[in-house]
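Accompanying notes for the structure given below.
The values are calculated or read from the model by the stated rules, or taken from the named source; none is laboratory data. As the structure is a computational prediction, the values presented were derived from the model and not from experiment. Here Cβ is always computed from backbone atoms with ideal geometry, including for glycine, and neighbour counts include all displayed protein chains. Side chains included, ligands, DNA and RNA excluded: accessible areas come from the protein's heavy atoms. Shrake-Rupley method; radii C 1.70, N 1.55, O 1.52, S 1.80 Å.
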Amino acid sequence: EKDKFFSIIAHDLKSPFNSIIGFSELLVEKVAESNEKEIEEYAGIILQSSVRAMSLLENLMLWSRSQTGRIDYSPAHFELVTLINEVVSLLSDTARQKSITVSGDLPAYLPVFADKPMISTVLRNLISNAVKFTRPGGKIVVVVNETDHDVVISVKDDGVGLSKEAREKLFRVGENFTTAGTGNEQGTGLGLILCKEFIDKHGGKIWAESEHHSGSTFSFSLPLKK
């Protein structure tokens, strides 16, 4: 199963690198021709492809370390709302490029007991996916609900949604879930697998609610530790 998974990753890594190489060659040609408009366009594509490749490699390295027990689960008390706002701010430029607004329906303050780097990675992946599958001009909302036993964080978008077949492939190693985003962004589903690994370590749950063409809501729960 892991061999199949790594073959999928290797295949999908070729896409951004092919873009980087191909458009770099075109960029060299356009510099020679001094075509400023196309130089700017190709440079932007190279940048986006580089960021996508780096993100995939970072997730792959984290997942590999998780599988071999080389990531320490180190929960501690921290304030969740501040972390959510930090991640939203980090991804705001990406969202702005597609004229997407990212907002929060959040409490003023919510302390939790969890592994902060892991939760940050989960939030980053879920919000990045929402941006990927939301059409230009769309909206994404991060919602937090607290119960007596846990806190549920949801990332809601009004994007393209997922079919039943696609939903069944989520969070599963070895499934080639590579649907292109609304801006033709590529992905592998590795980020969601990593999210599940991290939420499982917390004793929480992660799930998706979606209908094709009707947006998606990805949620995860964290048990409250008093």
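Some observations on this one:
- Here Met54 sits with roughly 110 square angstrom of accessible surface, probe radius 1.4 Å.
- Cross-link pairs Lys37/Lys139; Lys98/Lys196; Lys37/Lys156; Lys156/Lys196 - those with Cα-Cα distance over 24 Å: Lys37/Lys139; Lys98/Lys196; Lys37/Lys156
- For the stretch 86-173, applying the loop criterion from DSSP together with a ceiling of 11 other beta carbons within 10 Å to the chymotrypsin sites (Phe, Trp or Tyr not before Pro) yields Tyr109.
- In order along the stretch 74-82, the Karplus-derived 3J(HN,Hα) couplings, from 6.51 cos²θ - 1.76 cosθ + 1.60 at θ = phi - 60°, round to 10, x, 7, 6, 8, 9, 6, 4, 4 Hz, and Gly and Pro are given as x.
- Between amide H atoms placed 1.01 Å from N, distances below 5 Å from Lys225 occur with Phe113, all of them 5 or more places distant or on a separate chain.
- Based on protein heavy atoms only, the stretch 76-170 ends up with 48 Å² per residue of surface accessible to a 1.4 Å probe.
- Packing rank of 148-157, 28-37, 88-97, where each peptide gets the mean count of other beta carbons within 10 Å, highest leading: 148-157, 88-97, 28-37
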